[in-house]
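> Dumping the structure here so I can ask a few things about it.
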Protein chains: 2
Amino acid sequence: MREMTKKFLEDAFAGESMAHMKYLIFADEAEQRGLKKLANLFRAIAYAEYVHARNHYRELGKIYKEMAENVQQCIDGETFEIDEMYPVYNTVAQFQEEKGAERSTKFAWEAEKIHAEMYKKAKELVEKGEDYTAEKIYICPVCGHTVEGEPPEKCPVCGAPKSAYREFSI
Amino acid sequence: MREMTKKFLEDAFAGESMAHMKYLIFADEAEQRGLKKLANLFRAIAYAEYVHARNHYRELGKIYKEMAENVQQCIDGETFEIDEMYPVYNTVAQFQEEKGAERSTKFAWEAEKIHAEMYKKAKELVEKGEDYTAEKIYICPVCGHTVEGEPPEKCPVCGAPKSAYREFSI
Ligand SMILES: [Fe+2]
Ligand SMILES: [Fe+2]
Ligand SMILES: [Fe+2]
Ligand SMILES: [Fe+2]
Ligand SMILES: [Fe+2]
Ligand SMILES: [Fe+2]
């Protein structure tokens, strides 16, 4: 693919991903205000942006037939965030005495460490032709802490109670 | 907020949004290969990235108490895509004879025009203290075409059949 078209598709993928994310955030905000139909509109349009982002990503040749290659992309992204991005952003937030940013970057950094390990395990399994092992994954809705099987009594990262965790199961 | 911290939080929001999007795409890919537990892992971690992105966005002060201000952000984003981003990307794809990119940018461009109109209507309603009107929204899973009430017999943008449309309802 020509370089400028590639650059623009990458930018379009970023733009669609951010639009999708904003609409999911605003869907939850609308829901909290009792605006059910507005929340539904946001979620529907968020899905349309997913379709756009997926189409661009496919054209970029980033969706591989071999699932292990897709999982490797995830490992690479998480590893960059763990080793480079969040250590730098968190240090700058501390240095500039921005408490809120210090917390939100720390929360993310802690979860990414877990994600990288899960994806490494997933890659090994997929290479053997097997599915992932855990049937239930729990996410802390405050900080993103991620755990298999059973949530802890209290989130080890932000202190949220067990009952707050959101379950994802097959 | 200090400028560098702000810049880094914006970059982190972009990174989290793209990670979230990749994981949703790979969840669908895993599902298609019968890897249910891997798909569940991707969806769970995608939600963790949503939590991170939302936390960064909140620290950036971009989630407003007034819902109309949140909807205005959506109108602004869609308008930029309609008037600037997709016309340029689509023209470049045509000029560089990149058929796939021409199609994926055209598909997105068409849907954004509809999104902008829906958000404009939503903003008027929200300013009057009312919820959105439509209870059902349909999205074409091939191109993102967005329609209220009832899907057409054939997608006017990509030709997908009525039965392919995904329903979003309250
Ligand atoms: Fe879009
Ligand atoms: Fe992660
Ligand atoms: Fe937590
Ligand atoms: Fe994250
Ligand atoms: Fe849109
Ligand atoms: Fe379509």
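> If you go through the stretch B:24-48, how many residues are more than 7 Å from chain A (Cβ to nearest Cβ) and either in a helix (DSSP H, G or I) or polar (S, T, N, Q) (or both)?
7
> I would also like to ask the following. Would you check if there is a residue in the stretch A:25-33 being crowded, with 24+ Cβ neighbours inside 10 Å, away from ligand 6 (no atom under 16 Å from the Cβ) and closer than 20 Å to B:Ala19 by Cβ?
yes
> For the stretch A:103-133, enumerate the residues that are among the acidic types (Asp, Glu) and away from ligand 4 (no atom under 16 Å from the Cβ).
Within the stretch A:103-133, the subset among the acidic types (Asp, Glu) is A:110, A:112, A:117, A:124, A:127, A:130-131.
Within the stretch A:103-133, A:Glu124, A:Glu127, A:Glu130, A:Asp131 qualify.
> Do you know which residues across the stretch A:1-12 are at the interface with another protein chain (Cβ under 7 Å from one of its Cβ atoms) and not aliphatic (A, V, I, L, M)?
A:Arg2, A:Thr5, A:Phe8
> Can you give me the number of residues within the stretch B:111-156 that are within 16 Å of ligand 5 (Cβ to nearest atom), open to solvent by 30 Å² or more (accessible area, probe 1.4 Å) and either modelled with pLDDT under 95 or out of contact with any Phe, Trp or Tyr (no Cβ under 9 Å at 6 or more places or on another chain) (or both)?
Matching residues across the stretch B:111-156 total 5.
> Could you run through the stretch A:82-110 and say how many residues are out of contact with any Ser or Thr (no Cβ under 8 Å at 6 or more places or on another chain) and surrounded by 15 or more Cβ atoms within 10 Å (Cβ to Cβ)?
13
> Quick one: is A:Ala46 under 24 Å from B:Ala108 (Cα atoms) and surrounded by 24 or more Cβ atoms within 10 Å (Cβ to Cβ)?
Answer is no for this residue.
The values are calculated or read from the model by the stated rules, or taken from the named source; none is laboratory data. Here the structure is a predicted model, which is why all the values come from computation and not from measurement. We place every Cβ from the backbone using ideal geometry, glycine too, and count neighbours over all the protein chains shown. Please note that ligands, DNA and RNA were not included when accessible areas were found on the heavy atoms of the full protein model with its side chains. Shrake-Rupley method; radii C 1.70, N 1.55, O 1.52, S 1.80 Å.
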